[in-house]
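Structure first, commentary second.
The values are calculated or read from the model by the stated rules, or taken from the named source; none is laboratory data. Please read these numbers as outputs of a predicted model, since none were measured by experiment. Methodologically, a virtual Cβ is constructed for each residue, glycine included, from the backbone with ideal geometry; neighbour enumeration extends over all protein chains shown.
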Amino acid sequence: MSALDIFIAVLKYGLSPVGFIILGIFLALHYQEEIQKWSVLFWKFVRFFWKKAEKKIVSNDIEGRVNEFTKSLKKEVTNFEPVGVQVQWVEEGESPSEFFSNGRLIIRMREHRDQNKNFVYASMVFVSKVVLMKAKKYISKTQKESIDLFIGKKLFEREKPQVIDRFFEDFFSPKMESGRVAELVEKYNIIDKAGLFFPLLVQELTFLGEKVFWRRRNDRIISEFANFIDFLEDYASREIGEEELPKNFEGIYYRCGIMIIARAYKRELGDVGPYTKYISGLIERRIDNIYIIGPAHKTNVGFINQIVGKVEQEGILERYAESRRYKAEIMFGGKRRAIDSYLVLLRNPNAVKYFDKEYEKEFIQPSFLENS
Amino acid sequence: MLEWPIRRAWRARVALATVGSNPTLSAGRNKKQASTRNEVNKEVIKAVHDQDVEKLFERLGILRKLKEGKLKCKFCKATITSENLHSLFPQSGAIKVVCDKIECVKELSNLLREGKISL
């Protein structure tokens, strides 16, 4: 429910002045970003009397929308540390040594009439610098650029669809002419149709960012990420019921499996044993994360939860954060069909986080690669 | 339970440990800690509004250069005007200005990612 919905619902029943103040405080605490977005209308009115309100229009619009977006990512990506933005104007009393401290960048903001440009340019600088900052240290320039472009596209689609044309014209289309970035963005688009861009691809990048390597840049991390994207693309393009595709990605740095629970006859048997046995087998193969996915109807969700409960009870893996429901467009007879889906992430609590020299030597042996 | 109301919080404690001098893990919460679940850490973007651009350039002693068309983009060397100005930053004791061409904004993003300039 949005702040506006709550406000309208409460107004319907009338409110005393005290109640009005309490409601205001509640909304300000819980819907800070939304209120900031709406406050732009107020500042546009104030601007007629006070010229400096112009800056409030520009900064509140950017802060409200970007912060709402990064907060929403927290719901989709577990352990994602949302970092928001705060636009700070260069003040008259500030000296150059203050506003340029630590080699700081100053971005020019136009009049609010050109706010779409302000929003797109400031957001793209923000996304490239802040979003997935830790994981970006390990991936290639092309991979970084494509991730930024795709996340930027999602930001604008969700938060301010009217700027999409500006974004396409200035950022997206020019990059689509260059082969590799365009190819990657297209792959993300397919993965996103299956609802897995944020909860699986970005989730795995978040896990990657938490790892520490004795060598900061490693070409194998880059090539493995490229293979991982292909793996997810194949999965996202599969037809319902197709079982030939690999279900696990067993690299050195990314080790995860996707488990689909959807077959009615297996569910009706109600036996979770084969599933827990299969999961135990994956753990023996050093799989770190298992994504259990299935249709979100009541009986299937109940069955998935039974499996997860049993796995947790036996101490095989642990549920990593809350389960989530999402819309996935799955291929059915050559066409995509929207299906309400349910996802639970199980994580191995002993997943390796520090890849020291010895560990990498041991596991980067060709024999390991052949077996995996 | 009271001590860790957010289920994943105890895991975060492990992930935020440091390993020797490697800064990667410690970067987990490199900004001010959020005090409530609803707050997020914020990265500051320093900005100058069109209303103040001339004043800022005057203070920096480069307004005349801007007006005479003598300021060049750090990356593409195009002439900077009040129309195509995107941003400015200090480097090696000089002030660098960047135009709003997509390629130049991309180069700027690379410098930011590499930590050669900061937000």
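At a glance:
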read-out: The lone exception for residue B:96 - which of (1) of a type outside the set (Val, Ile, Thr); (2) surrounded by 16 or more Cβ atoms within 10 Å (Cβ to Cβ); (3) in a helix (DSSP H, G or I); (4) more than 7 Å from chain A (Cβ to nearest Cβ) it fails; value: (3)
read-out: Selected residue [under 30 Å from residue A:36 (Cβ atoms) and either buried (at least 21 other Cβ atoms within 10 Å of the Cβ) or touching a Leu at 6+ places or on another chain (Cβ under 8 Å) (or both)] from B:56, B:85; value: B:85
read-out: Single residue of A:80, A:126, A:69 found to be assigned by TED's automatic domain parsing to the domain that holds residue A:169, under 20 Å from residue A:32 (Cβ atoms), among the aromatic types (Phe, Trp, Tyr) and at pLDDT below 80; value: A:80
read-out: Helices (runs of 4 or more DSSP H) contained entirely in the range A:216-305, each with at least 3 residues that are over 19 Å from residue A:346 (Cα atoms) and out of contact with any His (no Cβ under 8 Å at 6 or more places or on another chain); value: A:219-237, A:264-269
read-out: Unmet requirement for residue A:76, which otherwise passes all of (1) under 18 Å from the mean Cα position of the chain (by Cα); (2) at the interface with chain B (Cβ under 7 Å from one of its Cβ atoms); value: (2)
read-out: Any chance residue A:125 is facing another protein chain (nearest Cβ under 7 Å) and touching a residue at least 40 places away in the same chain (Cβ under 8 Å); value: no
read-out: Lone unmet requirement of (1) charged (D, E, K, R); (2) at the interface with chain B (Cβ under 7 Å from one of its Cβ atoms); (3) in a loop (DSSP other than H, G, I, E, B) for residue A:92; value: (2)
read-out: Among the residues listed as A:137, A:153, A:141, the single one being within 23 Å of residue A:212 (Cα to Cα), surrounded by fewer than 23 Cβ atoms within 10 Å (Cβ to Cβ), out of contact with any Cys (no Cβ under 9 Å at 6 or more places or on another chain) and in contact (Cβ under 8 Å) with a residue 12 or more places away in the chain; value: A:137
read-out: Residues satisfying the stated conditions in the range A:295-337, i.e. out of contact with any Lys or Arg (no Cβ under 6 Å at 6 or more places or on another chain), hydroxyl-bearing (Ser, Thr, Tyr) and within 14 Å of another protein chain (Cβ to nearest Cβ); value: A:323
read-out: Residues of the range A:123-171 satisfying the condition of being among the small types (Gly, Ala, Ser) and out of contact with any Gly (no Cβ under 6 Å at 6 or more places or on another chain); value: A:123, A:128, A:140, A:146, A:152
